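*Asks:* Sharing a structure here in structure tokens format.
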């Protein structure tokens, strides 16, 4: 026999108890979430020393810096530097094949880009310097991985197929 | 200032589209709450049509087309008012007052989010932004990978593509959708419990809103550039409207509600990878109910049933080297086609005994079958999920407490048309594990785990179910009168 309780009162009480429990835990959870989020952001910022100074202050500023660095596509948590270098011939092949796709979707065909990249150095912040060209893997489980040929201030977006077609090494 | 102005115009325009589509029949406050979510879904569908037709479709083009179409619809409807079925709590607020309130809130939220850096961004956020940018550059998704298309969908790239700055996004979108979700939940609770006396409907509405608003995961998701708060809002709207259709199959608003249900189901399918499956489950109680006009059920099925294959085969497949490159592409396209087939064969489908139980059993069967094939993956996923909901997922005790209350409520009380709410919630239990098995890697411990984030999608609907149980009947009494609804329908 189900007791005849006044259910609306019980449900209101349940909603209030749940809300109070949420409020009581909110601060602790937010602190934990903050730690988690900050840890994520530190990882994201690993390619630019400026991020270390800015990412705690302002998400928007961090994002702007992130975009300026053209590291916008993936958080560094998922970006694995492999140290795979492309030589000039490979880069020229990529460019000559018209297979470099800029982040804005335009095809970059100039071989001069390779030379320009070659003259630059990479500031990897606190991380190891990994040469003038860096191929990074977007995310390892994706079937059609996007790869980023990066230099300071520029990132070229190529697909794995495009990289292979141009004779580039594809990190595993 | 230009960025803020463009953002305001984009949000107002999408809200206006939704305002027209929702219509005034259920009251001005309901129309206001549902306007932006529905407008986003409509704009995305226009974008899909343009993309599939290979018309260069920058998001602003899609929005302008949606606004023009909505304006034409408004003019066409001017002399054909639908008899009202107003949500109880919306009485006394005129359309002008509601619209003014909506514009005021939008301006305030846009100003605050433009001034304060409130938006949270994680690695996942950075995957939406380039998709938006690439879509806004040439209107054709050039350069977007198959992976981004299959996992990030069309909705957020379309919406955030309305931002004019390079790699920009609409800062106010999440907070506005969070407010809309809270408001809609309150309205639905008050409407669904109006048979109670005194101040109980209002107390329950405030309690439900408070429970959701104090959830740290909801708050986080509201300020997080990702799809979660929109998914939760759309799912709440979808199951609530399915419930209305079940409650009053012959309502004058039924046809319009069916169109909106179809629109939201299509939106879910274009929002996240698992959206089509969740939408199919949410539609199931509607589809199998013989009391609802066949035409209405077909509308609700055909809209997502066409949109899903068009997206998967007409747009996503362009980026794939072959149809088998990502098995989700043909699989989800087949699901969409299946919806159309079911719509065509509704008289046959109706003869299947206990279809909801059968569908639920099939989901379990598929889950168990795949789990047996990869026990390690299934075990890892279950262990990670248990760890997440008991602490590491940063839910605190709220998720378990809510689950306990909901189970107790549903065990004792019979809510009107509860299968609209119970079926998708209960069937998500095996579906959650099935998604892990289908993608081939396990869930992980931590708040960023995908299932841990997906759980938020269910929370508003679960709170609604809990609150409605206050106005339900004792299940024992109901059982004496007739079998449980899920059993009777299924």
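*Asks:* Sticking with the crude label model, points 7 Å out along Cα→Cβ, report the distance from residue B:101 to residue B:411 in nm, one decimal please.
*Replies:* Result: 3.8 nm between the two label points.
*Asks:* May I have the pair-distance distribution P(r) for the stretch B:362-485, computed from all Cα-Cα distances with 5 Å bins from 0 and rounded to whole percent?
*Replies:* 2, 11, 18, 18, 17, 14, 10, 6, 3, 0
*Asks:* Provide the gained length on full extension for the span residue B:354 to residue B:474, in nm with one decimal, where the gain is 0.36 nm per separating residue minus the Cα-Cα distance. Please list the in-between numbers first.
*Replies:* Working: separation 120, 0.36 × 120 = 43.20 nm, distance 2.33 nm.
Length gained between residue B:354 and residue B:474: 40.9 nm.
*Asks:* Starting from the Cα gyration tensor of the stretch B:221-347, take the square roots of the eigenvalues, sort them a ≥ b ≥ c, and report rounded, prolate or oblate (rounded when a/c is under 1.5, otherwise prolate if a/b is larger than b/c, else oblate).
*Replies:* Values: a/c = 2.71, a/b = 1.38, b/c = 1.96.
Because a/c hits 1.5 or more and a/b fails to exceed b/c, the stretch B:221-347 counts as oblate.
*Asks:* Further question: For B:423, B:206, which order do you get if you count the other beta carbons within 10 Å of each Cβ and list the fewest first?
*Replies:* Numbers: B:423 25, B:206 18.
With the fewest neighbours first, B:423, B:206 line up as B:206, B:423.
*Asks:* Across peptide A:25-32, how many C-beta atoms of other chains are within 10 Å of each residue C-beta, on average?
*Replies:* Counting other chains' Cβ atoms within 10 Å and averaging over A:25-32 gives 5.
*Asks:* With Rg and the Kirkwood Rh both taken from Cα atoms, where does Rg over Rh land for the stretch B:286-415? All intermediate terms of the calculation are to be shown ahead of the outcome.
*Replies:* Details: Rg = 19.5 Å, Rh = 18.4 Å.
Dividing the radius of gyration by the Kirkwood radius yields 1.06.
*Asks:* Just to be sure I understand the curve: with the Debye formula and one point per C-alpha of the stretch B:197-280, what is log10 I(q)/I(0) at q = 0.20, 0.22, 0.26 Å⁻¹?
*Replies:* -1.01, -1.06, -1.13
*Asks:* On alpha carbon coordinates alone, what is the Rg over Rh value for chain B, Rh being the Kirkwood radius? All intermediate terms of the calculation are to be shown ahead of the outcome.
*Replies:* Working: Rg = 21.3 Å, Rh = 22.7 Å.
Ratio of gyration radius to Kirkwood radius for chain B: 0.94.
*Asks:* A further question follows. I'd like the FRET efficiency for residue B:403 and residue B:362, computed as 1/(1 + (r/R0)^6) with the beta carbon distance as r and R0 of 41 Å, rounded to 0.05. Walk me through the numbers on the way to the answer.
*Replies:* Values: r = 24 Å, r/R0 = 0.58.
Plugging the Cβ-Cβ distance into 1/(1 + (r/R0)^6) gives 0.95.
*Asks:* Per 0.36 nm of contour for each residue apart, how much would the distance between residue B:64 and residue B:429 grow if the chain were fully extended, relative to their Cα-Cα spacing?
*Replies:* Numbers: separation 365, 0.36 × 365 = 131.40 nm, distance 4.03 nm.
Difference between extended and current length: 127.4 nm.
*Asks:* Once you have the alpha carbon radius of gyration of the stretch B:316-390, what is it after dividing by 2.2 N^0.38 Å, with N set to its residue count? Walk me through the intermediate numbers first.
*Replies:* Values: Rg = 17.2 Å, N = 75, 2.2 N^0.38 = 11.3 Å.
Ratio of Cα Rg to 2.2 N^0.38 Å: 1.51.
*Asks:* Quote the relative contact order of chain B in percent (integer), defining contacts as alpha-carbon pairs under 8 Å separated by 6+ residues. It would help to have the intermediate numbers written out before the result.
*Replies:* On the way: 772 pairs, mean separation 78.7, N = 490.
It comes to 16 percent, rounded to a whole number.
*Asks:* Per residue of B:206-217, what is the mean number of Cβ atoms on other protein chains within 10 angstrom of that residue's Cβ?
*Replies:* Values: counts 4, 9, 5, 2, 7, 9, 4, 3, 9, 6, 10, 3.
Average neighbour count from other chains, rounded to a whole number: 6.
*Asks:* Roughly how large, in nm² to one decimal, is the mean projection of the convex hull of the alpha-carbon atoms in the stretch B:204-252? List each step's numbers first, then the result.
*Replies:* Working: hull surface 17.9 nm².
The number I arrive at for the stretch B:204-252 is 4.5 nm².
Rule-based calculations on the coordinates, nothing more; no lab input. Values in this document were obtained by computation on a predicted structure and should not be read as measured data. Virtual Cβ from ideal backbone geometry, glycine too; neighbours counted across all protein chains shown.
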